[in-house]
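This report concerns only the one structure given below.
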Amino acid sequence: AQTVTQSQPEMSVQEAETVTLSCTYDTSENNYYLFWYKQPPSRQMILVIRQEAYKQQNATENRFSVNFQKAAKSFSLKISDSQLGDTAMYFCAFMKHENYGGSQGNLIFGKGTKLSVKP
Amino acid sequence: DTAVSQTPKYLVTQMGNDKSIKCEQNLGHDTMYWYKQDSKKFLKIMFSYNNKELIINETVPNRFSPKSPDKAHLNLHINSLELGDSAVYFCASSHVGRNYGYTFGSGTRLTVV
């Protein structure tokens, strides 16, 4: 069974600075996907970034980037130029590859890291 | 707007009652899910339906029954509500094979008193 571990229950960062959230996972699968979701106080789950395990290049989305280390099973999220609106719970998630008409995976979440951006 | 919409957003009810949460997606996805988020914010899958067929049924009490009248709808019915059922319930959808992750509804906060 796959597991996702986020070892930092809470973190804080000053506005405009950079922060890195950690995530490790355990799987025997070779083909899978990793995600970071953001949950602000509004409760909405928002997809931040997605990484395909077969791609060596780290995914980036504007101020958000990941450091994907497949051998180490590590998938950290870096937020640059932190903004007050980045204050939220951040969840790392794993999904094994789904095939059309084949196996049905499901999204497995870590326990989350509560990030506070301070002015 | 293309989205996953679930109703109601808030639900307060007494122990022993029966309640339903509705979910609809207009994204053309073929798979829908129910997740439960507990008081510690942990998200755990409850059910998954693909084209109206039950795919995943995690260890959930029989009091919880999903119903999918078509692939755009997945409702959650809960019988004989208990205090421990208080949580936020999220509906989500995806398309098998696209592997883009899930699109979530805005959640339903259920409080059992």
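Miscellaneous remarks
- Computed from the C-beta positions of A:Glu52 and A:Ser12, the FRET efficiency with R₀ = 35 Å rounds to 0.65.
- 11 Å beta-carbon shell around B:Pro69, net charge (K/R +1, D/E -1): +2
- Cut-off 19 Å, label 7 Å out along Cα→Cβ of A:Ser116, residues of the range B:36-69 by amide N: B:40-41
- Zone of A:Arg63's modelled label, taken as backbone nitrogen in the range A:6-28 under 14 Å from a point 7 Å along Cα→Cβ: A:13-20
- Per-residue shielding of B:38-46, expressed as the average number of other chain Cβ atoms within 10 Å of the residue Cβ, stands at 4.
- Residue-count net charge about B:Val112 - beta-carbon cut-off 15 Å; Lys, Arg +1, Asp, Glu -1: 0
- Calculated FRET value between B:Ser65 and A:Ser42, using beta carbons and R₀ = 30 Å, to 0.05: 0.55
- Counted residue by residue at 0.36 nm each, then reduced by the alpha carbon distance between them, the extension gain from B:Ser5 to B:Arg109 reaches 36.1 nm.
- Local charge for A:Pro9 was computed over the other residues whose Cβ lies under 14 Å away, with Lys and Arg +1 and Asp and Glu -1, and equals +3.
- Per-residue average of Cβ from other chains inside 10 Å of A:14-24: 0
- Angstrom value of the Kirkwood radius, inverse mean 1/r, which spans all Cα pairs in the protein assembly as shown: 18.3 Å
- For B:Phe42, the accessible surface of its heavy atoms amounts to roughly 70 Å² (probe 1.4 Å, protein chains only, rounded to the nearest 10).
- For the range B:4-112, the spread of Cα positions along each principal axis, largest first, Å: 40, 25, 24
- Under 28 Å between alpha carbons - lysine pairs in chain A that sit 8 or more apart or on different chains: 26
- Cα-based Lys pair tally, the range B:19-95, threshold under 22 Å, eight or more apart or on separate chains: 20
- Take the accessible area of B alone and of A alone, subtract that of the pair with a 1.4 Å probe, and the total buried over both chains is about 2200 Å².
- Largest-first ordering by accessible area, 1.4 Å probe, given options B:Ile78, A:Ile46: A:Ile46, B:Ile78
The values are calculated or read from the model by the stated rules, or taken from the named source; none is laboratory data. Worth saying up front: this structure is predicted, and the values here are computed from it rather than measured. When we count neighbours, we look across all protein chains shown, and the Cβ atoms used for this are built from the backbone with ideal geometry, even at glycine. SASA here: full protein model, heavy atoms, side chains in, ligands and nucleic acids out. Shrake-Rupley method; radii C 1.70, N 1.55, O 1.52, S 1.80 Å.
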